[in-house]
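Novice: Mind looking over this structure? Questions follow.
The values are calculated or read from the model by the stated rules, or taken from the named source; none is laboratory data. Note that the structure is predicted; figures quoted are calculated from it, not measured. Heads up, the Cβs are rebuilt from the backbone with ideal geometry, glycines too, and the neighbour counts pull from every protein chain shown. Accessible surface is based on the protein model in full, side chains and every heavy atom, while ligands, DNA and RNA are left aside. Shrake-Rupley method; radii C 1.70, N 1.55, O 1.52, S 1.80 Å.
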Amino acid sequence: MTDAVLEARGLAKRYRRGVWALEGIDLAIPAGGITALVGPNAAGKSTLIKTWVGFEKPTRGSASVMGIDPWRDRSHALAHIGYVPQSPALYDGLSVDDHLDLAAQLRPGFDRAYASQRLAQLNIPVGRGARSLSGGQQAQVALALALGTRAPILLLDEPLASLDPLARREFLHVLTDAVRSDGATALLSSHIVTDVEQACGRLIVLGVGRVLLHDTVSTALAEHTISLTERPDAVASFAAPDGSPIFLVRGDADRTATLEEIVLGYLASGRGTAVAA
Amino acid sequence: MITTLRLVWRMQRWEVLVLIGGPLLLAGAIAVVAWQTSVTLAGLDTCYAATGGALSTSCTALVQSSNGMTGLSPILVGATTVAPFIVGILLGAPLVSHEIEKRTAPIAWSLSLSRVRWLAQRTLPLLIAMAIVLLLLGAASEALIRATPPGELGFRFFAMHGPLIAMRGIAVFVIGVVVGLLVGRMLPAILATGLVVIVLLIGLQLVREGMMRSEAIWTAADDRDFSGVMIYGSAYSDDTTGQLVTDEEAYSRFPDVFGPQGSAKPPGLTQVYLATPPERYPIFVARGIGELALISLIAAGLAVWIVGWRRPDVG
């Protein structure tokens with residue numbers, strides 16, 4: 001576990017209104033590749049990422065970025081992080097070029113040329129007002145700002161949520177390419193399993209503030225199957241698209257499980273039942 | 001530095017145009033009126049000296065011009081008094097709350113390794129520009145008050161001219177930044193800042209009134225020109241004993257003197273006023289600047305503290 005770049009130990013977060021967003025999270029994400037953080041709305045994905053960015057103070061437990069506590073030593077932790085927030089908002093009145101200038105001012109060592117080159121490859125007009133760009137282009141600008149930091153860790157908080165399928169595909173392509181070429185570690189949160197299936201090598205399923213599954217995608221796929229009949233050793237049961245009950249099993253059963261079924265099974269185990277989309 | 005200014009301009013060009021350009025125009029207008037007033041009054045003096053009372057047509061025009069400017073002066077000075085509050089609130093309160101409400105803060109705060117540095121980059125260019133413009137406005141207002149008879153910069157014009165205008169703007173701006181950081185929404189931040197500033201102003205005014213009253217002394221009416229002096233009471237002084245005699249007592253003692261045909265000068269008594277001496281005026285201005293500087297520093301400290309732990313989103 002010593003090579004983990006992102007760690008959480010007994011991490012819990014309770015908001016002022018008394019709601020627990022995270023309850024005893026234990027995680028160690030190793031360096032390299034893209035890890036998908038999957039879970040339904042209000043599962044605690046954003047809170048977990050924001051805790052690593054130093055935006056949220058843990059109520060209990062600890063979080064660390066390359067061994068640094070991001071709440072106590074935010075500047076050192078942030079130096080290792082490139083962050084794409086949920087529904088990233090760009091500045092009114094600033095062009096894409098201005099955003100790169102702003103980032104270069106704010107972040108020492110910001111690689112403006114690299115970020116600019118990434119945007120040029122996507123034919124994003126850098127002279128245009130950033131708010132006049134499409135949602136997909138704005139997300140690409142936010143990603144370019146994170147990539148320009150040249151940080152070894154990229155934290156992406158549901159950047160795909162408001163994008164159309166083509167824009168989602170482009171975004172993931174750029175992310176995969178950047179992670180591969182830079183050797184960075186990316187954590188990508190999403191509630192759409194199919195989007196992250198091809199891009200991510202590791203999977204974390206988060207449900208109601210707890211880690212339900214943390215494994216590599218290949219291992220998860222290899223170790224899980226679907227049983228069409230009830231099994232006492234099933235992880236969980238949930239409804240197939242036709243409404244019939246199916247059972248996620250760790251081990252051999254009737255057929256292989258898809259990644260979406262694995263995720264749904266673990267989410268169902270966290271809260272009772274689920275319906276396959 | 002140039003990049004910073006360019007980005008501030010692009011991000012807030014309308015605020016800069018209206019809230020920095022507006023007071024600058026006002027300062028220019030006041031300076032022109034002050035200069036015109038001086039020229040007109042000098043011309044009138046020449047007129048009176050040359051004609052010995054009967055005015056020529058050109059001199060009559062000067063009188064009309066002078067009357068017009070005398071009527072305009074209080075309006076301009078009044079606008080000067082209000083300007084630092086409007087500018088300070090409308091520039092300061094939305095500055096950070098806008099970033100939080102419009103969700104630009106998460107990107108900025110994740111890019112910047114120091115939120116304090118980000119706050120400084122975000123606030124200082126506007127704060128400095130505002131302070132310079134308000135200093136100019138204060139100087140212009142001072143020139144106008146000096147040019148307008150009786151031309152005294154006294155307590156009656158307290159905080160309507162000079163460096164206090166700029167210092168008020170700075171204090172209100174920094175308070176606005178703090179409230180904006182706490183509230184995280186633009187309109188509520190503007191309203192809350194207005195409320196905080198009103199409460200603070202009333203408090204400062206009460207303290208200042210108390211100080212001025214405590215430093216007031218009884219001064220004979222003939223001894224000095226009382227224009228620009230804050231008067232808290234009037235009475236009479238007994239010429240032989242030096243004891244104070246209230247106005248009512250003086251009226252009852254000498255009803256004829258105060259009657260329709262009387263001279264209003266009771267024998268053996270001298271009219272005295274309880275007033276803060278005008279010599280104290282610069283001290284009160286310096287004290288006022290000091291109070292506002294202290295408030296600004298405390299507010300700046302609060303802003304630095306809050307920005308350290310605040311979430312970058314609303315709530």
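Novice: Per DSSP helix of 4 or more residues, -39500 (n - 2.57); summed, then divided by the residues of chain A. What does that give at 222 nm, rounded to the nearest 500?
Specialist: Values: 9 runs with 92 residues, N = 277.
Counting only the DSSP helices, I get -10000 deg cm²/dmol.
Novice: Quick check: Cα centre of the stretch B:85-114 to Cα centre of the stretch A:138-200, how many Å?
Specialist: Spelled out, the Cα-based centre of one part sits 27 Å from the other.
Novice: Under 8 Å for C-alpha pairs, at least 6 residues apart: give me the relative contact order for chain A, rounded to a whole percent.
Specialist: On the way: 596 pairs, mean separation 54.8, N = 277.
Value for chain A: 20 percent.
Novice: Still on this structure, please answer the following. Give the Rg/Rh ratio for the stretch B:217-275, taking Rg as the radius of gyration of the Cα atoms and Rh as the Kirkwood radius, to two decimals. Walk me through the numbers before you get to the answer.
Specialist: Values: Rg = 11.6 Å, Rh = 11.9 Å.
We get a ratio of 0.98 for the stretch B:217-275.
Novice: Return an integer: the convex hull volume of the alpha-carbon atoms of chain B, in Å³ per residue.
Specialist: On the way: hull volume 56.7 nm³, N = 315.
Given the Cα convex hull of chain B, per-residue volume reads 180 Å³.
Novice: Here's another thing I want to ask about it. Could you tell me the number of lysine pairs in the protein assembly as shown with C-alpha atoms less than 26 Å from each other, where the two lysines are 8 or more residues apart or belong to different chains? Spell out each step's value before the answer.
Specialist: Values: A:13/A:45; A:13/A:50; A:13/A:57; A:13/B:102; A:45/A:57; A:45/B:102; A:50/B:102; A:57/B:102.
Within the protein assembly as shown, the lysine pair count is 8.
Novice: So which chymotrypsin sites (Phe, Trp or Tyr not before Pro) in the stretch B:1-66 end up in coil per DSSP with only 13 or fewer other C-beta atoms within 10 Å? Please report the intermediate quantities before stating the final value.
Specialist: Numbers: sites: B:9, B:14, B:35, B:48; in loops: none.
For chymotrypsin sites (Phe, Trp or Tyr not before Pro) across the stretch B:1-66 that sit outside H, G, I, E and B with at most 13 neighbouring Cβ atoms in 10 Å, the list is empty.
Novice: At 1.4 Å probe size, with no ligands or nucleic acids counted, give the accessible surface of residue B:65 in Å², nearest ten.
Specialist: 40
Novice: Can I ask one more? Under a 1.4 angstrom probe, counting protein chains only, how are B:306, B:190 ranked by accessible area, largest first?
Specialist: Sorted by accessible area, descending: B:190, B:306.
Novice: So if I restrict to the alpha-carbon atoms in chain A, what is the Rg, and what is Dmax, the biggest pairwise distance, in Å?
Specialist: Values for chain A (Cα only, Rg and Dmax): 19.4, 61 Å.
Novice: Relative to the longest principal axis of the C-alpha atoms of chain A, give the angle of the C-alpha long axis of helix A:96-106, reported between 0 and 90° and rounded to the nearest 10°.
Specialist: The answer is roughly 90 degrees.
Novice: If you don't mind, there's one more thing I want to ask. Between the helical axis of B:57-101 and the dominant principal axis of chain B, each derived from Cα atoms, what acute angle in degrees is found, rounded to the nearest 10?
Specialist: Roughly 30 degrees, rounded to the nearest 10.
Novice: Kindly write out, for the stretch A:243-255 in residue order, the coupling ³J(HN,Hα) from the Karplus curve 6.51 cos²θ - 1.76 cosθ + 1.60 (θ = phi - 60°), rounded to whole Hz, with x marking Gly and Pro.
Specialist: For the stretch A:243-255, the Karplus-derived couplings read x, 6, x, 10, 10, 7, 10, 8, x, 8, 7, 6, 8 Hz, x marking Gly and Pro.
Novice: Alpha carbon centre of the stretch B:277-315 versus the stretch A:205-277: separation in Å?
Specialist: Each part's Cα centre sits 60 Å from the other's.
Novice: Can you give me the angle between helix A:112-121 and the longest principal axis of chain A, using Cα atoms only, in degrees from 0 to 90, rounded to the nearest 10?
Specialist: Between helix and principal axis, roughly 60 degrees.
Novice: Taking a probe of 1.4 Å and counting only protein heavy atoms, give the total accessible area buried between chains B and A in Å², rounded to the nearest 100.
Specialist: Numbers: alone 16440 and 12780 Å², together 26400 Å².
Counting both chains, the buried surface is close to 2800 Å².
Novice: So what J values fall out for the stretch B:230-237 if you push phi through Karplus, 6.51 cos²θ - 1.76 cosθ + 1.60 with θ = phi - 60°, rounded to Hz, Gly and Pro as x?
Specialist: Karplus values, whole Hz, x for Gly and Pro: 7, 9, 9, x, 9, 6, 10, 10.
Novice: Using alpha carbon centroids, what distance separates the stretch B:159-176 and the stretch B:1-59, in Å?
Specialist: First find each Cα centre; the distance between them is then 20 Å.
Novice: Counting each pair of different Cα atoms once, what's the Kirkwood radius of the protein assembly as shown in Å, rounded to one decimal? All intermediate terms of the calculation are to be shown ahead of the outcome.
Specialist: Values: mean 1/r = 0.0342 Å⁻¹.
Its Kirkwood hydrodynamic radius stands at 29.3 Å.
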